[in-house]
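The values are calculated or read from the model by the stated rules, or taken from the named source; none is laboratory data. Note that the coordinates shown come from a computational prediction; the quantities given were computed from them, not determined experimentally. With ideal geometry, Cβ positions are generated from the backbone for all residues, glycine too; neighbour counts draw on all protein chains shown. Side chains are part of the model used for accessible areas, which takes the heavy atoms of the whole protein and leaves out ligands, DNA and RNA. Shrake-Rupley method; radii C 1.70, N 1.55, O 1.52, S 1.80 Å.
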Amino acid sequence: MVNGYVPASLQEALEIRAGQDVIPYAGGTDLMVKRRPDAQYLFIGRLPELRQITEDENYIHIGAAVTFTEALADPRVPALMKAAVSRIGAPAIRNAGTFGGNVGNASAKADSVPVEVAADAKLRLISLRGERVVEIESFYHGHGTHDLGPDELIAEILLPRTGLDHWYYEKVGGRSALAISRISFASVFDMQEDRITKAAAAFGAVSDTVLRFRDLEAMLIGRSVAEAKDMKPAYLRAYDERLQLTEGRVSAQYRKRVCLNLLEDSLRTFGI
Ligand SMILES: Cc1cc2nc3c(=O)[nH]c(=O)nc-3n(C[C@H](O)[C@H](O)[C@H](O)COP(=O)(O)OP(=O)(O)OC[C@H]3O[C@@H](n4cnc5c(N)ncnc54)[C@H](O)[C@@H]3O)c2cc1C
């Protein structure tokens, strides 16, 4: 039993959010573990406006209260995202856990976030004041902190509709299933007219936020596959120097070795 509100509409939810000190939640799979008896909660998990998957010309819009199980059953959700969320928790967690909750948790271990970072996804944030769309990378400030106003809700995740056909995803946990990530890695690769146009690599669970280094990716942009192969040793060396990883249950040294192995394996998958 939690104290709080169950609004009947998004408008009502936003009014409560604007006027009261409430903590929004959807699946509750993160939040209820840390439930505070003194806090007031706002349940947004059944609001139809947040439970849709839609498309427009440029983006697939995944509502913040869409569960992982629902996304896995939807043919519009890209295979890369499905690869990541299919490995979240167990079926019961995937049935309740939502995309908005995974982002809202502000954890670098959240498994959908490296995919969103590598895919250049955006977030639509809403409040009574209006809405704003932000890049997923700029949303995070550090461990457990993000750019969400006290009156705002995450409304949806915007995933680009194109450019996600060539991808690589791997999650390394303490077990092959039911494991929180020790390292997660998502990569998106694209070419046009024999030239590399995208080589995004995002590392999850290894630092306070998901890491992506656009300046290092630039070493491959505009090159042919043959040129990228020549560049590969320098590219991997640059990541070796740049990746400053936190100690966790496993050592920083182990994490870096695994990150570099995953990066190299992804390049191999893309023919480099
Ligand atoms: C046993 C277990 C295993 C797990 N395994 C994994 C795993 O393998 N990978 C993984 O990534 N996670 C895992 N999790 C964590 C959790 O299930 C996910 O992070 C899930 O996506 C949280 O979604 P939720 O809807 O339950 O979030 P909630 O618990 O409802 O909320 C989480 C946070 O997000 C905020 N929030 C939620 N929705 C919104 C919104 N629309 N706008 C603003 N803020 C919002 C809440 O205030 C809260 O701070 C696991 C959890 C458990 C208990």
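Answer yes or no: is there a residue in segment 244-251 that is over 30 Å from E55 (Cβ atoms) and part of a helix (DSSP H, G or I). Looking through segment 244-251, none of the residues is over 30 Å from E55 (Cβ atoms) and part of a helix (DSSP H, G or I).
If only residues of segment 26-57 that are touching a strand residue (DSSP E or B) at 6+ places or on another chain (Cβ under 6 Å) and within 27 Å of P75 (Cα to Cα) are counted, the one that is surrounded by the fewest Cβ atoms within 10 Å (Cβ to Cβ) is T54. Could you tell me whether R76 is in contact with a strand residue (DSSP E or B) (Cβ under 7 Å, 6 or more places away or on another chain), surrounded by 18 or more Cβ atoms within 10 Å (Cβ to Cβ) and of a type in the set (D, E, K, R)? Here the answer is no, as R76 does not meet what is asked.
Residues that are open to solvent by 50 Å² or more (accessible area, probe 1.4 Å) and not in a strand (DSSP E or B) were ranked within segment 192-218; the one that is nearest to R94 (Cα to Cα) is D208. Filtering segment 6-22 to residues that are touching a helix residue (DSSP H, G or I) at 6+ places or on another chain (Cβ under 7 Å) and closer than 21 Å to N102 by Cα leaves L10, V22. Against the criterion of being at pLDDT 95 or above, within 14 Å of the ligand (Cβ to nearest atom) and either of a type outside the set (K, R) or out of contact with any Leu (no Cβ under 8 Å at 6 or more places or on another chain) (or both), D147 does not qualify.
Every condition in (1) near the ligand (Cβ under 10 Å from one of its atoms); (2) closer than 26 Å to I16 by Cβ; (3) open to solvent by 10 Å² or more (accessible area, probe 1.4 Å) holds for G89 except the one numbered (2).
Among strands (runs of 3 or more DSSP E) entirely within segment 5-121, having at least 2 residues that are within 28 Å of S187 (Cα to Cα), touching a residue at least 40 places away in the same chain (Cβ under 8 Å) and not basic (K, R) singles out 59-63.
Going by the conditions given, is A106 in contact with a strand residue (DSSP E or B) (Cβ under 8 Å, 6 or more places away or on another chain) and open to solvent by less than 30 Å² (accessible area, probe 1.4 Å)? Answer is yes for this residue.
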